[in-house]
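Quick notes on the structure that follows.
What follows draws every value from the coordinates through simple rules; no lab data is involved. These figures come from a predicted structure and were not determined experimentally. Every residue, glycine as well, gets a Cβ built from its backbone with ideal geometry; the counts of neighbours run over all protein chains shown.
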Amino acid sequence: MLTSQLDHQTRTLADAQLAAGGGDIVTLNGADHWRDVKDRVEGAIQVDIEFDSFKDGRGFTLANQLRQRLGYAGRLRATGDIIPDQAGFLKRVGFDAIAPDRGDLAADWAKAEAQFSLAYQPANDQSATIIDLRERSGADLTQLNAKYREQDALEVLRDAIENTWKGRIAIMSSFGAEAAIGLHLVSRVAPDTPVLFLDTGRLFAQTEQYQRELSEKLGLTNVRVIRPSETEISAEDADGKLWSRNADACCDLRKVRPLDGVLNEYDALITGRKRFHGGDRLSLPLVERINGSIRVNPLSNWSAEEIDAYFERYDLPRHPLTEMGYASIGCWTCTAPATDGDVRSGRWSGQDKSECGIHRPSPLEAPVAAE
Amino acid sequence: MKIITANRLTDGRVIYRTSDGQWTPSLAEAQPLDNDEADNALAIAEGEFGIAVGPYLIDYTEGEPGGQKWRREGIRLAGPTAGTTRTLGAA
Amino acid sequence: MYRYDDFDARLVRERIAEFRDQVERRIDGRLTEDQFKPLRLMNGVYLQLHAYMLRVAIPYGALRAEQMRMLATISGKYDRGYGHFTTRQNIQYNWPSLVDIPDILEELASVEMHAIQTSGNCIRNVTADPFAGAAADELEDSRPWAEIIRQWSTLHPEFTFLPRKFKIAINGAAEDRAGIRVHDIGLQIVENEAGARGFEVWVGGGQGRTPRLARLVKDFVEPRDLLSYLTAILRVYNQHGRRDNLYKARIKILVDALGVEAFAAEVDEEWSYIRDGELRLPQSEILRIRSFFSTPSITEASPVPEAGPAAFRHWLKHNHRDHQTAGLSSVVISLKPIGGTPGDATTGQMQVVADLTEHYGFDEVRVTPDQNLVLPHVRNEDLFAVWTALVDAKLATANAGLATDIVACPGLDYCNLANARSIPVSQAISSTLEAEGLSEAAGDVTIKISGCINACGHHHVAAIGVLGVDKRGEEFYQITLGGAFGADASIGEIVGKGLAAEDVPGAIARILKSYLAQRLGDERFIDTLRRLGSDAFKEAIYADLAA
């Protein structure tokens, strides 16, 4: 993490060299406040901060403020009563040189400077913090997925709702064919969990009816109906036929954008997606990050048989359309009965499309695939 | 009279200065100093490096720590008067 | 419970290597004692009367069974068979050799522990509600936030050489059990009108020579802004806190001097500059940390037993606490045997607690600011087995919260700063109150003893405080009345002149008798005291004493 070593020097020699090249060397004391030294620091080629005692840490804040608030980019040197054990700290707050009173400890200074390879705090030495490193490694989700793999869906939801994202989580539901499972599990943990119901304006009447029935039966007290913007619809889909011209654009207008509006209010969303749905969902983890927001998929490893068993065990009402062969239910414009036991085969049937986009990374974050 | 005491650098145990400039855990082996020679002797002990941490003078009367700090120095000499160190030691 | 990742573990190893090197340099003379002292303190190493003392960090007081077992092992292998749990939820060993300490730190690191910043003029080990994640009155578990603060404050490049020590406490429940009003920064998790969670920030509390209750500096800081706000406070303190006078160097004096509005304005000026910068907490990190902390969920909920031996029921009456999950309870393991040394546990006792933690405690045990231990999660059907094992280990004293649950610092028996002894006085008070039946009769009463004005025994915030002072070689004890640590925090008032050690137990017994005579209904001691004022008890203190 250390990019270059602190320049360790005796004071007089270094000053003589600098002075020969011309320019101001400004000497400050740790006791000086950054606001008071603004004029003096401007145009300096070197600023010295003198430490009266190594125990007086004001120089660390002063250095930091010169770098950050005054934007001082020149050489910054710590002088006076400083000790090798401070090397890493000096460097991190923005010093690039030292001239300690005691000049015979060069080896200790070099060793101390290399003592730590990591730090938790952001500082002025451009090194990545431990938080950055974790972010890059996706460590948070690895940990959480490992934990959730040991738990059943109810336990996952209990942790997600009552602990990990307490007060910052909602369930997204289409009130489609399998929606009752996730909603019922959530109602067992906390029936006041926000339920986000996306009304695209193109839903089957049966879906709207089912939403009311099921919400009542499960005692869900916080159903939020999300609708696309009227203004955007009249601008982009004035004739209501956008779905037939460009299904992706229609999904974007009626699903992705309205949902984006509310997503900021929650840190995590519970979905009912399952691996057996196939397509992009075959490798679905229990927890994932999509566009910086978290999706919890507690049913990801449920099979169709388990779902049927759950419906029976708790005597949950079915979506009226399932009787007619619909296995996955979206908008009436783009949903047909499923074929050959492939649950999502009726969605965008005949198109090379399997997801509407609300569960997909935006292009910027999408993994680079060979095309 | 005065005695020079300190803590041992390596383990912190209480030590006293002897007449030959060594350190001992035994107060009986320590060198009692007249008040007028005590400051000099302390300055010498302070100037040394290696065995003792923070040498200072204590009052010494009739073979025991005396003066206003008698209790503190008595506890340093004999150990805690109460607490688990004692109850476990007695067990 | 939090578990280290490779980064945390590597940093702790590097810190041990650094300390080993510092010890080496001290022994061979490259470091003077003046230079070494602040460095060893920052790693929890004091030089006390008889020996070095090592204070090991127990972040927010939480331990796993394996960690408690290691504390037991260290007490036997490097110390004299016991450890002392402190009011800041840490543990102290009183007899280690300096040259052994790097090895002790290696042993600690093997179970993800350390002694970083348990002393020194830096941000100290953060403390929290010992019932976090369990308490029935909890809004949000404070432990994830305490862990986030622990990491941010560890080896902070800018705030390691502060004017004076700096203590942060955090509470997430309705009742304040973390003492947020008596810390340099106290954080209370709150919900705002919109239902969002955040922090109330209290600054400038503290005990010691100039006791102060913290003032409210910000009524709502969003979670993602926590670290930038803390940084702004520390930056203002580091620049403006006094360094010319040790006794005026704490942030409470700065808040007094500037006034709370001016102080808050200064913090806001700095905060506005850094708020949206790199210190903003990514949601993913909050999530990652939070994912380690959970409250056990159980399927079959049994009620708290109502039958059983009288001693068991008596223990439940005083040492049981309600849990947020039906079927679970929290229990206090009192480290205050009658006439014993407050806060001490032997090697064997720590091993028993580790076993109970493992078998019955969902692998969690806590240290409280009252120097007790807590098993936060115990199934109700296991309470009897836990109690039985505690009885065998002499850990089942049924006095949590009672007058014999005395807090005391090590005092002049160990401490280099003390003026008077604390332990024998607390032992005598405990024995007297128990013998007279007053501990049970008086109900909830806090008694806390400090052996000097530094107030490590928290006497300022006890209903009955005892402060040891030295008058020309003799120990005297001043009584203070009316202090409170958490709920309705207040600083006790000194009542009259100091007492000789042998007069203290009788005086306290008379105070409690006077309370029992004057209380209305089932009024608590502190409420009677606040209703009548401390003068009403003055006569009781000095009655029977020759003038």
DSSP-loop trypsin sites (Lys or Arg not before Pro) across segment C:1-104, with at most 11 other Cβ within 10 angstrom:
C:R3
Separation of segment C:425-467 and segment C:164-180 by C-alpha centroid, Å?
22 Å
Calculated on alpha-carbon atoms, Rg and Dmax of the protein assembly as shown in Å:
32.5, 110
Between A:D52 and B:L88, what is the FRET efficiency for a Förster distance of 35 Å, r being their Cβ-Cβ separation, to the nearest 0.05?
0.15
Trypsin sites (Lys or Arg not before Pro) within segment C:233-267: DSSP coil, no more than 16 neighbouring Cβ in 10 Å
C:R242
Given the DSSP H assignment, sum -39500 (n - 2.57) over each helix run of at least 4 residues in the protein assembly as shown and divide by its residue total; what's the result at 222 nm in deg cm²/dmol, nearest 500?
-10000 deg cm²/dmol
Simple Cβ-charge dipole of segment C:407-542, Lys/Arg +1 and Asp/Glu -1, about Cα centre, in debye nearest 20
260 debye
Going down the table (C:K165/C:K336; C:K77/C:K252; A:K55/C:K167; C:K252/C:K497; C:K252/C:K336; B:K69/C:K37), which pairs top 30 Å between alpha carbons?
C:K77/C:K252; C:K252/C:K336
Rule-of-thumb Rg ratio for chain C [Cα; 2.2 N^0.38 Å; N residues]:
0.94
Using only C-alpha atoms and all pairs of different ones, pull out the Kirkwood radius for segment A:7-133 in Å with one decimal.
15.0 Å
Taking the square root of 5 times each eigenvalue of the Cα gyration tensor, what semi-axes in Å does the equivalent ellipsoid of segment A:169-298 have, largest first?
24, 18, 15
So if I place +1 on the C-beta of Lys and Arg and -1 on the C-beta of Asp and Glu, and nothing else carries charge, what would the dipole magnitude of segment A:7-133 be about its Cα centre? I want it in debye, nearest 20.
300 debye
C:A310 versus C:D256, label points 7 Å from Cα toward the beta carbon: distance in nm?
5.2 nm
Any chance you could list the semi-axes, whole Å, largest first, of the equivalent ellipsoid that the Cα gyration tensor gives for segment C:1-133, using √(5λ)?
23, 16, 15
Loop only by DSSP, 15 or fewer other Cβ within 10 Å of the Cβ. Give me the GluC sites (Glu not before Pro) in segment A:118-187 that pass, ordered by residue number.
A:E150
Convex hull around the C-alpha positions of segment C:457-534: the volume in Å³ per residue is 87 Å³
Of all the Cα-Cα pairs you can form in segment A:97-227, what percent are over 21 Å apart?
62 percent
Suppose we keep just the DSSP beta bridges with both residues in segment C:23-175; what percent of those would be antiparallel, to 5?
75 percent
P(r) of segment C:135-289 over all Cα-Cα pairs, binned every 5 Å from zero, in whole percent
2, 9, 19, 23, 22, 15, 7, 3, 0, 0
Under 11 Å from the C:R524 label point (7 Å along Cα→beta-carbon), backbone N, segment C:428-458:
C:444-446
Efficiency by 1/(1 + (r/R0)^6): what FRET value for A:R136 and A:A205, r their Cβ-Cβ distance, R0 = 41 Å, to the nearest 0.05?
0.30
